[in-house]
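Only one structure is covered here, and it is reproduced in the block below.
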Amino acid sequence: MQSKKYYLEKMNVTNINIKVLYNYLKQEFGREELFPRMVIRRNFKKSIWEAVYLTDGQEKYGYAIYQKEPGFKGVFIAYLAILPKYQSKGLGSELIRQLNALFPDGILLEVEDPDAAKDEKDQTTRIRRIRFYERNGLALNPNMKVNTFFVPFRMMDNIDGTDTYDISLYQKLYNRILRLPLGSIFIKENR
């Protein structure tokens, strides 16, 4: 049996493709984690966000939505997921491996802070997610605990030197996403 060859395919920005991707997002992310559909659509139409699918040319297995920030060498991953029916098959690691090849200057993403979990099960899920990213070459930034729209997050990256970004970069990323200077109001360091 021949093994599948996976690659990243950039999403063509059309209204129907944005709708399909938004439906995928609703499967994996809670309502509190999702930007409104109109914000997501606008970010794709204005080329603030881009998306890639992990595919073998036949099926779509997962996706990543990312943003490049001028003056920042790495890329900020806003959403990353493997579709539910393909989870626990090593495809998450494959997606990150492919993203690392696409973005050799590094990846920055946020994970929910385990210290703010609502119960033991939630904490276990959050820790499991962090361990997954660590196994795939990312590390928690010890200097970045943030509160984003009242949700505590930790920042993870595989960028050389954690001093290459700070809270102001993270605020700028959200200002571009929302097209309003809300980053300095709703994104604070959580020490």
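What follows draws every value from the coordinates through simple rules; no lab data is involved. Note that this is a predicted model, so its numbers are computed, not measured. No Cβ is skipped: glycine too gets one built from the backbone with ideal geometry, and neighbour counts run over all protein chains shown.
Across region 13-110, C-alpha contacts under 8 Å between residues 6 or more apart give a mean separation that, scaled by the residue count, equals a relative contact order of 21 percent.
For region 74-177, applying the loop criterion from DSSP together with a ceiling of 15 other beta carbons within 10 Å to the GluC sites (Glu not before Pro) yields no site. Count Lys and Arg as plus one, Asp and Glu as minus one, and take only other residues whose Cβ is under 12 Å from that of residue 24; the net charge is then +3. Computed log10 I(q)/I(0) for region 1-102 at 0.14, 0.25 Å⁻¹: -0.54, -1.55, from the Debye equation with unit scatterers placed on every C-alpha and solvent omitted.
Candidates 36, 133, 171 compared by Cα position along the dipole of the chain: farthest toward the positive end lies 36, with charges placed on Cβ. Can you give the percent of C-alpha pairs in the chain whose distance is more than 24 Å? Beyond 24 Å sits 38 percent of the P(r) for the chain. The alpha-carbon of residue 85 sits under 12 angstrom from the alpha-carbons of these aspartates and glutamates, leaving out residues fewer than 8 places away in its chain: 28, 59. Spatial offset of region 57-76 relative to region 1-39 amounts to 11 Å, using the alpha carbon center of each. With a simple spin-label model that places each label point 7 Å from the Cα along the Cα-to-Cβ direction, the separation between residue 12 and residue 86 comes to 1.9 nm. The label-point distance for residue 128 and residue 5, in a model that sets each label 7 Å from Cα toward Cβ, rounds to 3.4 nm. Just going by the charge dipole of region 1-159, with Lys and Arg at +1 and Asp and Glu at -1 on Cβ, which of 83, 106, 96 is farthest out on the positive end? Final value for the positive-end residue is 83.
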